[in-house]
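Enquirer: Please read through the structure below; I'll follow up with questions.
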Amino acid sequence: MASCRFGSIVRTISSSAAQQQMIKPPVQVFGLNGRYAMALFSAGSKLKQLDPIEGELTKFQGILATDKPLREFIKNPTLKQSVKVDTMKQIAAKFPLSPPSANLVVLLAENGRLKNLNGVINAFKNIMSAYRGEVVCEVTAAKPLDEATKKDLEGALAAFLKKGEKLVLTTKVDPAIIGGLIVSIGDKYVDMSIASKIKKYNDLIQAAV
């Protein structure tokens, strides 16, 4: 089973049991993607290669986004597992990927989980954000926010941060919310959109009819 194979990512040059123990990440990430990402974090921590691993996987993720044949190869369920494993070994060597990252992509291929690669990389990036003390906040607005509004938002959202944490603010536009904001910060989610208020009022009216 896949869960029994995470140790192959974590192995370092030393074979001592103490060094092979998993290093816990600063934030828990769940699901299959999370388990692979946490194993990679542990391996990268022991090798002191966390930043290089994140950098190369981010670049590799960029290639996945633009290289359609590679994406189709990864998603193709008809290809033999051995073919995918051999191909991913060649890609990892050519890119090149460091041993921990190469072990990750090959292990995913061996376990028939290559389709999870993008999700695993995103989970690892979330761990790295927490490792750096970053708190990711996503704000959705009906139209682009000007710089003054962004600055005001950053000041207001800073109240949610603990000592030593840094706010990483990203914004996106969704005209469907009509107005107001939708704010997601850490594990908190606040919907202050006009669309949400209209739905709430409509639900109240429907319940009263």
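Enquirer: Give the stretch 30-64 a look and list any residue that's more than 14 Å from ALA102 (Cα to Cα) and surrounded by fewer than 13 Cβ atoms within 10 Å (Cβ to Cβ), or say none.
Expert: Answer for the stretch 30-64, where residues must be more than 14 Å from ALA102 (Cα to Cα) and surrounded by fewer than 13 Cβ atoms within 10 Å (Cβ to Cβ): PHE30, GLY31, LYS48, ASP51, GLY62, ILE63.
Enquirer: Out of curiosity, is GLU147 outside the structural domain of VAL29 (by TED's automatic domain parsing) and at pLDDT 90 or above? So that I can check it myself, show each step before the final result.
Expert: Working: outside the structural domain of VAL29 (by TED's automatic domain parsing): yes; at pLDDT 90 or above: yes.
Considered against the rule, which asks whether it is outside the structural domain of VAL29 (by TED's automatic domain parsing) and at pLDDT 90 or above, GLU147 comes out as yes.
Enquirer: I'd like the residue in the stretch 120-150 that is hydroxyl-bearing (Ser, Thr, Tyr) and over 23 Å from ALA65 (Cβ atoms) and, out of all such residues, is surrounded by the most Cβ atoms within 10 Å (Cβ to Cβ). Step through it out loud before you land on a result.
Expert: Filtering the stretch 120-150 for residues hydroxyl-bearing (Ser, Thr, Tyr) gives 129, 131, 140, 149.
Checking the rest, the ones that are also over 23 Å from ALA65 (Cβ atoms) come to 131, 149.
Details: TYR131: 17, THR149: 14.
Checking each candidate, the answer is TYR131.
Enquirer: Listed residues LEU117, LEU181, LEU161, LEU107; which is at pLDDT below 90 and either within 24 Å of LYS46 (Cβ to Cβ) or surrounded by 14 or more Cβ atoms within 10 Å (Cβ to Cβ) (or both)?
Expert: Numbers: LEU117 fails: at pLDDT below 90; LEU181 fails: at pLDDT below 90; LEU107 fails: at pLDDT below 90.
Matching residue, one of LEU117, LEU181, LEU161, LEU107: LEU161.
Enquirer: For the stretch 65-82, which positions are loosely packed, with under 13 Cβ neighbours inside 10 Å and either touching a residue at least 24 places away in the same chain (Cβ under 8 Å) or not in a loop (DSSP other than H, G, I, E, B) (or both)?
Expert: If the condition is that a residue be loosely packed, with under 13 Cβ neighbours inside 10 Å and either touching a residue at least 24 places away in the same chain (Cβ under 8 Å) or not in a loop (DSSP other than H, G, I, E, B) (or both), then ALA65, THR66, LYS68, PRO69, GLU72, LYS75, GLN81, SER82 are the ones that fit.
Enquirer: Could you count how many residues in the stretch 102-115 are of a type in the set (Lys, Arg) and part of a loop (DSSP other than H, G, I, E, B)? Step through it out loud before you land on a result.
Expert: Pass one, the stretch 102-115, residues of a type in the set (Lys, Arg): 113, 115.
Then keep just the ones that are part of a loop (DSSP other than H, G, I, E, B); that gives 113.
The number of residues fulfilling the criteria is 1.
Enquirer: Can you find, within the stretch 25-64, the residue that is nearest to GLY112 (Cα to Cα) among those that are without any contact (Cβ under 8 Å) to a residue 12 or more places away in the chain and outside any helix (DSSP H, G or I)?
Expert: PHE30
Enquirer: Something else about it: If I go through the stretch 52-65 residue by residue, how many of them are modelled with pLDDT of 95 or more and more than 15 Å from the chain's Cα centre (by Cα)?
Expert: Final tally of qualifying residues: 1.
The values are calculated or read from the model by the stated rules, or taken from the named source; none is laboratory data. Because the structure is a prediction, the values reported are computed rather than measured. Heads up, the Cβs are rebuilt from the backbone with ideal geometry, glycines too, and the neighbour counts pull from every protein chain shown.
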